[in-house]
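Engineer: Starting off with a structure, shown below.
FYI, it's all coordinate maths here, none of it is from the lab. Not measured: the values here are computed from a predicted model. No Cβ is skipped: glycine too gets one built from the backbone with ideal geometry, and neighbour counts run over all protein chains shown.
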Amino acid sequence: MNKTDTAGVALSSDRFDAVVLDLDGVITQTAKVHATAWKMTFDDYLAKHTAEGEHSEPFDIETDYHRYVDGKPRYDGVRSFLQSRGLDLPEGKPDDGSDQETICGLGNRKNELFQEKLHHEGVEVYASTISLIRTLRRAGLRTAVVSSSRNCRAVLEAAGIIDLFDTRVDGVELQKCRLAGKPAPDIFIEASRRLTSEPHRCIGIEDATAGVQAAQAAGFGCVIGVNRGDQAEALLEHGADVVVADLGELHIVTASGDTPPTRQLPSALDHLNEIVPTHDREPVLFLDYDGTLTPIVPHPNDAILSDTVRATLQRLARLCKIAIVSGRDLGDVRNRVGIKGIWYAGSHGFDISGPKGERTEYQEGRDYLPALDAAEHSLREKLGAIPGCLVERKRFAVTAHYRQVAQDQVDSVKQVVDQINSSHTELRLTAGKKIYELQPDIDWDKGKALRWLMRALDTDPARFIPLYIGDDITDEDAFRELAADGIGILVAERDQPTYAAYRLDDPDAVQEFLNQLSDKLARLGP
Ligand SMILES: O=P(O)(O)OC[C@H]1O[C@H](O[C@H]2O[C@H](CO)[C@@H](O)[C@H](O)[C@H]2O)[C@H](O)[C@@H](O)[C@@H]1O
């Protein structure tokens, strides 16, 4: 990669499989806790053992911390700093008491001080890093944390983010696997191995010069330096491809082109706490109807919402904002769901109504009504002769259903629809589950409608996280729209190409998910 100190880096899930992040200073704000503990340890030692003027200047958090201890295993840090002052101590043993004047004893003293501070002051995270990790995971990248710290697990647990990582290579693991600490590449190579990814398909994110050096030496495809102080030049010199002041500056491209990626999607039921973390943005729920809230059935009229699902939705509507986004006609889907106080979008988002009687049609769509009327007329006329074929008119779309058409006649349905489409070029042909649909050929879909609804519902993305659950091709527009700042949940029995980040097997699983979500939101309170 070309070296740059700007943030113009795109993290594409096409180019990378995994991201490996350092802990202190990148994910958690523990770097300053470490720095203070080091300073107390060394200043105490220097005061006792150096005569004035002779190597006695106190430990400098700005310079000594970054140069000698940051990012290194604990005892390496002690050795490195003492050497810089021309001081020599016996190595000692890892179980030396914290009052023993050995490399290990001093390291243990620093650790005691660090743990005391962790216990009393807790752990702060960098919100932009957590948001990046969630976005990358939703885009299908695997994640690892690498840290020379033996306290890595305790810090992740204290911050409540241990579930955000597929694997962890920390100070304990380094010792167990006999790996060299940073700046040696071992820790990054081990993380990529555990993530089953080639190093060149991994992104490394580090705030320490020893860390960027290690990730670069490991052959990582992209090394990002996070400059938390005055380190931009030093990070670039030690191997960073890019330096940012904050990870919020990075631009994420989830996939290139129009083909959704196929990957193994995690179950939304097993990851409710990741989808809706306790201390995060409030969820706002967008739900498709057919195949999501009701099972797919042979005749569209028979897709009836069960009383149980309705009761769950009613409960949820008291806990969060909800919109139903359907391909059905607005009046049809509103009657079928029958809940007041929520938003409905019909005809794939061309026709929207709000809880206070708001009614909005996508303006441009109205110009296409004559073409839709004509297409409906032709479809009814020409498909009427095909047994089982059904034409359904929505205000802004007309649908040919072939679920009940004999297999050897399905081609005839398609030929008729193609022919009518070719005489109405202002309409676009789309497909769904055993349906062909003609819609206005304008740049409007469920994804655009979702953004419109976010504004109408007054759900600023900084405070609200949109969750969209859907099962069909038209729902992919919404999943793609949400890839960077929301969560798509696909309803499907098995993995398939999708922009969604999680999966639920069927409408029963959706109901269970909605139940668990409402329990969680009720526990969290207003
Ligand atoms: O966006 P949705 O709410 O999921 O609507 C998509 C289409 O759903 C309906 O058709 C589908 O469900 C029918 C009933 O289960 C099934 O018979 C049909 O084969 C499915 O395609 C609805 O009738 C269409 O208007 C919607 O576009």
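Engineer: Taking the range 23-73, which trypsin sites (Lys or Arg not before Pro) meet the DSSP loop condition and have no more than 14 other C-beta atoms within 10 Å?
Structural biologist: Passing sites in the range 23-73 do not exist.
Engineer: Which FRET efficiency, nearest 0.05, do residue 67 and residue 296 yield, Cβ-Cβ r, R0 51 Å?
Structural biologist: With a Förster radius of 51 Å, E is 0.20.
Engineer: If you restrict to DSSP beta bridges whose two residues both lie in the chain, what percentage is antiparallel, to the nearest 5?
Structural biologist: Just about 30 percent of them are antiparallel.
Engineer: What size of dipole, in debye to the nearest 20, comes out for the chain about its Cα centre when the only charges are +1 on Lys and Arg C-beta atoms and -1 on Asp and Glu C-beta atoms?
Structural biologist: The dipole magnitude comes to about 1240 debye.
Engineer: Please give the Cα centre distance for the range 40-91 versus the range 262-309, rounded to the nearest Å.
Structural biologist: Each part's Cα centre sits 56 Å from the other's.
Engineer: If you don't mind, another one. Give, in nm to one decimal, the length gained when the segment between residue 175 and residue 98 is fully stretched (0.36 nm per residue of separation minus the Cα-Cα distance).
Structural biologist: 25.7 nm
Engineer: Residue separation times 0.36 nm, minus the C-alpha to C-alpha distance between residue 262 and residue 484: what's the value?
Structural biologist: Roughly 78.2 nm would be gained on extension.
Engineer: So if R0 is 30 Å, what FRET efficiency would residue 128 and residue 84 give, r being the distance between their Cβ atoms, rounded to the nearest 0.05?
Structural biologist: Working from the Cβ atoms, E equals 0.35.
Engineer: Right, next: Could you name the lysines whose alpha carbon sits less than 21 Å from that of residue 356, not counting residues in the same chain fewer than 8 places away?
Structural biologist: 321, 340
Engineer: Still on this structure, I have one more. So if we plug the beta-carbon distance of residue 415 and residue 340 into 1/(1 + (r/R0)^6) with R0 = 41 Å, what FRET efficiency do we get, rounded to 0.05?
Structural biologist: The computed FRET efficiency comes out at 0.40.
Engineer: Right, here's the next one. Counting Lys and Arg as +1 and Asp and Glu as -1, each charge on the Cβ, what is the dipole of the range 365-440 about the Cα centre in debye, to the nearest 20?
Structural biologist: The dipole magnitude comes to about 280 debye.
Engineer: In whole Hz and in residue order, list the ³J(HN,Hα) couplings for the range 32-37 that follow from phi through the Karplus curve 6.51 cos²θ - 1.76 cosθ + 1.60, θ = phi - 60°; x for Gly and Pro.
Structural biologist: So the J values, rounded to whole Hz, are 6, 5, 4, 4, 5, 5.
Engineer: Give the lysines reachable from residue 110 as a straight Cα distance under 20 Å; neighbours fewer than 8 places away on the same chain don't count.
Structural biologist: 32, 39, 48, 72, 93, 182
Engineer: Please list, or write none, the lysines whose alpha carbon is within less than 22 Å of the alpha carbon of residue 414, excluding same-chain residues fewer than 8 places away.
Structural biologist: Once the sequence-local lysines are set aside, what remains near residue 414 is 382, 394, 433, 434.
Engineer: Turning to a different aspect of this structure: Please name which of 126, 221, 324 has its Cα lying farthest along the dipole of the chain towards the positive end, using unit charges on Cβ (Lys, Arg +1; Asp, Glu -1) and the Cα centre as origin.
Structural biologist: Checking the options against the dipole of the chain, the answer is 324.
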